[in-house]
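Worksheet for the structure shown next.
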Amino acid sequence: MRLLKVVFGFLAGCAALAMATAPAVAQQWKPSKPVELVVGSSPGGSPDVMARLVQRIFQNGGLVPSSTVVNKPGAANTIGWAYLNQHAGDGHYIATFSPALIGNRIMGTTQLNYQDFTPLNILAREFVVLSVRAESPIASLKDLTARLKKDPQSVSFAFATARGNHNHVVMSMYLKSIGVDPKVAKAVVYSGGGEATTAFLGGHIDVYVASPRSMIPLQKDGRARILGVSSAQRQPGALADLATFKEQGVEAVFFTWRGFMGPKELKPAEIAFWDAVFDKLAQSEEWKKDTESQFWNADYLLSAETRKHLDRENEVMKGILTELGLAKQ
């Protein structure tokens, strides 16, 4: 009888040990095949640039054994994001995302919602600028405003990659602030920043709504003129010379955030792996230099904080797009 008690006690102890160590074992997930960094836009824009910078750090730092960037442009990023969710529960697939994921749903251009994915992180903030070509007769924001008030259809705007994204929001904020209905403005939406920049420099559009990283080099080269930036106050460093819309009497303060999400149904071990990887990436000197060179502001959040952030942003975007008359009723 005593022997049975000893045996049962030993078995119970083994079971308890197994249960205690199971979570630790579960946390040891890591990629067993190349990771795909999915970008829902064409090469050349900020999402694509971020994915390629991240992929380079993955490789240089040995953070991920093997990875590749896969561009899936079209349908306001929806093609790329739908492709991501074809791999539900698979941590080998992650994708760039931004407020467009929320704006698309609010505007009714897609049924996909941020809750249909697994948010992983936010890595950076980015402001928006309005720019014209250097040879444009529009010399200032004041000139642009005067022309639009006289004839809202006399100026064409362009941005990438989707209606309802940060570029569209800032353009609409500017137009509403000067008394022009955003819905009547001439706007062309391109599938990627590279394509939009080519059209802009080719003279096919008048005003380009884009990121500072796209336009500051063109201004330095004498090929473009930045009319204003969507920050609340002047920014340090390379952005210091850019006048804000606000200081020019226009209420257009907004910024985008950029990061990565996984497909739906990721397991806790996969989320833990990506939390650890991106934590190392965000703390690296290489990434800090990249954010500075791209005129991004560091704004790092891990998976749990990112989910809360998206809940808040959903309400903010809903309010903004409704006020601008862009939300689907």
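Computed values, structure above
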read-out	value
Shape call, the stretch 47-114: gyration tensor on alpha carbons, a/c limit 1.5	prolate
Structure-derived Cα Rg over 2.2 N^0.38 Å: which label, when the choices are [x] 1.17; [y] 1.00; [z] 0.95	[x]
Estimated FRET transfer efficiency when R0 is 56 angstrom, pair Arg223-Lys280 (beta carbons, to 0.05)	0.90
Amide H partners (placed H, <5 Å) of Ser41, local residues excluded	Lys72
Choice from Gly203, Gly193, Gly262 showing the highest fluctuation, given a GNM over the chain with Cα pairs closer than 10 Å	Gly203
Accessible area per residue, Å², the chain with all protein chains present, probe 1.4 Å	45
Amide H within-cut-off set for Ala327, under 5 Å, with H built and near neighbours excluded	Thr322
J(HN,Hα) series, the stretch 271-288, from Karplus relation 6.51 cos²θ - 1.76 cosθ + 1.60, nearest Hz, glycine and proline x	5, 4, 4, 5, 4, 5, 5, 6, 5, 5, 4, 5, 8, 6, 5, 4, 5, 4
Among Trp296, Ala243, Gly91 - extreme Cα towards positive end, dipole of the chain, charges at beta-carbon	Gly91
Estimated vicinal HN-Hα couplings, Hz - the stretch 38-52 in sequence order (Karplus 6.51, -1.76, 1.60; Gly, Pro = x)	8, 10, x, 9, 6, x, x, x, 4, x, 5, 4, 4, 4, 6
Accessible surface of the chain, 1.4 Å probe, proportion on carbon and sulfur as whole %	55
DSSP-assigned coil residues among GluC sites (Glu not before Pro) in the stretch 225-328, each with at most 15 further Cβ atoms within 10 Å	Glu251, Glu265
Choice from Thr118, Thr197, Thr109 showing the highest fluctuation, given a GNM over the chain with Cα pairs closer than 10 Å	Thr109
Label-to-label distance, nm, for residues given as Leu63 and Lys142 (7 Å Cα→Cβ offset)	4.6
Candidates Pro263, Pro217, Pro99, ranked by Gaussian network fluctuation over the chain, Cα under 10 Å, top entry	Pro217
Stretch gain in nm, segment Gln248-Arg56, where the contour uses 0.36 nm per residue and the Cα spacing is subtracted	65.2 nm
Computed E for Lys267/Thr198 - FRET, C-beta separation, R0 35 angstrom, nearest 0.05	0.25
FRET E, pair Gln111, Asp151, Förster distance 41 Å, beta-carbon r, rounded to 0.05	0.65
Computed helical MRE - 222 nm, the chain, DSSP H runs ≥ 4 contributing -39500 (n - 2.57), nearest 500	-13500 deg cm²/dmol
Sequence-distant lysines (8 or more away, or on other chains) whose Cα lies within less than 27 Å of Lys186	Lys72, Lys142, Lys149, Lys150, Lys176, Lys246, Lys318, Lys328
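The values are calculated or read from the model by the stated rules, or taken from the named source; none is laboratory data. Bear in mind that the values here come from a model prediction, so they are computed numbers and not experimental data. We place every Cβ from the backbone using ideal geometry, glycine too, and count neighbours over all the protein chains shown. Surface areas here come from the heavy atoms of the whole protein model, side chains and all, with no ligands, DNA or RNA. Shrake-Rupley method; radii C 1.70, N 1.55, O 1.52, S 1.80 Å.
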